[in-house]
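Enquirer: Let me begin by handing over the structure; questions about it come next.
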Amino acid sequence: MNCVDDIRLEQFLQLKKEIRGSDKHLIVGIDAAKEKHNAFFGTARGKTLVKNLVFDNTLEGFQKLLAYVERIKVQYSLSKVVFGIEPTANYHKPLSEHLIKCGHLVVLVGGVAVKNNRPLLDGRWDKHDVKDAANVADLISQGKCLFYEYPLMTLRNVRILNALKRRLKKREHGISVCIRNNLLAQYFPELDRHYGPSETLAVVRECLDPSAIAGMEYDTFYRAVAPGRTTLAKDRRVRAIWRTAVDSIGCTMGEASSFEAQVMVDSLKQIRLTIKSVEDKLEDACLEFPEYTYLLSIPGFGPDVSSKVLGAIGNPHRFANGKQVLKMAGLDLCADRSGKKSNSAIPVISKQGKADLRYGLYQAALIASLKNKDFIAYYTNKLKGRAKEKGIGTKMRVKLAAKLLIIAWTLMKKKEFFDPKHLKQEDQDAQKKAA
């Protein structure tokens, strides 16, 4: 997808091979913040060159950093430089982008690694900006760093829209919960069992007071909350609400409560319209990638899951094997085997990756195992002999979710559509190995 990113990936892999004990590398560890950054200059052999350089989060500050880098390189006869940054919210991104555009190698250091390595520097847990920058540099000297992906704008658009949709979905859920747990619980508790269809929101907005509903003729109430085409199912739902209002135990409503109900319903409708527009924009962004159509061919993969997988994987060639893909999603298995036999250790997924991606993949696995005949057969075969185990259905669907992610990565890499023959062939190979 991005030739420049491929070149940077090769440079990163080369760095991982040669950084330990190197006498050519200048390591710049940076603790990123909102207004000022702290930088530590050292070598791969543990020598401190500049303990603390503070520079502003401005172009002038970035130029100051690069001027120091050039001076240190000349002074100590160092030919290569690597910048390491611990991600802090989005504060590190302008600096990272500037360094990459200037042709420098930038790597990431994970927050968990920084936390675990901090006490190892001097045997104490002491967190401050100067020490954090040195901590980042120390981890890079050990090769414990991550590739800093800087994709093309087309892929960044997919990721930005996915993140925006996720935030909007959280707001939608928050407003919906507020309507049910605040308004309905107080004034019309019986309506909660009918919550969901559009008529329910119309009741909340137009006439949430059960005493007012009880005093209305059914036809008047129906026209107020369910305008448009009449269906048997809609009539049944509205009639059930109208009958329930007679014996409601809800509190007495005032003018302020009615106004609150209107505001909350209008906010919910508006955010749903916004989500729909984001989804349309996201689909347009995804259609710029031919890999998107390959992902849609996988059973259980709709536009939502396909966009999440596309945004997470990006360039499929940056992963050397399937294990790296599973680690990215947090679907890799981990177990505590210390002092135990291997058959007694219970492996579980690490959950150290992208939670939103894992959720989408699990939903795809659930749909595929219920709707697609090939995946139904595959899933059923995995349950043979283990059907009575507690929670085995969920475990096998998690395994199927991991399987779907590997399939998606393979299709993106090979630029192929999904073929159920591959699934059947792999299942047959596994049975032969087991035999």
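The values are calculated or read from the model by the stated rules, or taken from the named source; none is laboratory data. Treat the numbers as computed from the prediction; the structure is a model and nothing was measured. Glycine gets a Cβ as well: all are built from the backbone with ideal geometry, and neighbour counts include every protein chain shown.
Enquirer: Please go through the stretch 48-75 and pick out each residue that is surrounded by fewer than 13 Cβ atoms within 10 Å (Cβ to Cβ) and touching a Leu at 6+ places or on another chain (Cβ under 9 Å).
Expert: Answer for the stretch 48-75, where residues must be surrounded by fewer than 13 Cβ atoms within 10 Å (Cβ to Cβ) and touching a Leu at 6+ places or on another chain (Cβ under 9 Å): just Q75.
Enquirer: If you scan the stretch 175-189, which residues turn out to be assigned to a helix (DSSP H, G or I) and of a type outside the set (V, I, T)?
Expert: Answer for the stretch 175-189, where residues must be assigned to a helix (DSSP H, G or I) and of a type outside the set (V, I, T): S176, C178, R180, N181, N182, L183, L184, A185, Q186, Y187, P189.
Enquirer: Within the stretch 358-375, is even one residue among the aliphatic types (A, V, I, L, M), loosely packed, with under 15 Cβ neighbours inside 10 Å and at pLDDT 90 or above?
Expert: Within the stretch 358-375 (the criterion being among the aliphatic types (A, V, I, L, M), loosely packed, with under 15 Cβ neighbours inside 10 Å and at pLDDT 90 or above), the answer is yes, since at least one residue qualifies.
Enquirer: Restricting the search to the stretch 249-278, which residues are under 20 Å from C178 (Cβ atoms) and polar (S, T, N, Q)?
Expert: If the condition is that a residue be under 20 Å from C178 (Cβ atoms) and polar (S, T, N, Q), then S257, S258, Q262, S267, Q270, T274 are the ones that fit.
Enquirer: Moving on to the next point. Quick check on the stretch 323-347: of everything there that is at pLDDT 90 or above and farther than 26 Å from M153 by Cα, which residue is farthest from the chain's Cα centre (by Cα)?
Expert: Across the stretch 323-347, the extreme among qualifying residues is K323.
Enquirer: Of the numbered conditions (1) surrounded by fewer than 14 Cβ atoms within 10 Å (Cβ to Cβ); (2) not in a loop (DSSP other than H, G, I, E, B), G228 fails exactly one; give the number of that condition.
Expert: Looking at each condition in turn, G228 falls short on (2).
Enquirer: In this structure, is V50 in contact with a Lys or Arg (Cβ under 6 Å, 6 or more places away or on another chain), hydrophobic (A, V, I, L, M, F, W, C) and closer than 20 Å to L95 by Cα?
Expert: Taking the combined requirement at face value, the residue does not satisfy it.
Enquirer: Could you please tell me which pairs satisfy a Cβ distance under 7 Å, a separation of 6+ or placement on different chains, a first residue in the stretch 218-238 that is under 17 Å from E206 (Cα atoms), and a second residue that is in a helix (DSSP H, G or I) and among the basic types (K, R)?
Expert: Qualifying pairs under 7 Å: Y218/R239; A226/K234.
Enquirer: Something else: Where residues in the stretch 376-418 are part of a loop (DSSP other than H, G, I, E, B) and either at pLDDT 90 or above or not assigned by TED's automatic domain parsing to the domain that holds A320 (or both), which of them is surrounded by the most Cβ atoms within 10 Å (Cβ to Cβ)?
Expert: The residue in question is F418.
Enquirer: On the given criteria, is R159 crowded, with 16+ Cβ neighbours inside 10 Å, modelled with pLDDT of 90 or more and within 19 Å of A285 (Cα to Cα)?
Expert: Taking the combined requirement at face value, the residue satisfies it.
Enquirer: Having 2 or more residues that are farther than 17 Å from S141 by Cα and outside the structural domain of Q142 (by TED's automatic domain parsing) is the bar; report the strands (runs of 3 or more DSSP E) wholly within the stretch 12-118 that clear it.
Expert: none
Enquirer: What is the residue count in the stretch 190-221 for residues that are part of a helix (DSSP H, G or I) and either surrounded by fewer than 17 Cβ atoms within 10 Å (Cβ to Cβ) or of a type outside the set (K, R) (or both)?
Expert: Of the residues in the stretch 190-221, 22 are part of a helix (DSSP H, G or I) and either surrounded by fewer than 17 Cβ atoms within 10 Å (Cβ to Cβ) or of a type outside the set (K, R) (or both).
Enquirer: Suppose the filter is over 16 Å from the mean Cα position of the chain (by Cα), surrounded by 20 or more Cβ atoms within 10 Å (Cβ to Cβ) and under 21 Å from S96 (Cβ atoms); does Y187 pass it?
Expert: So Y187 does not fit the description; no.
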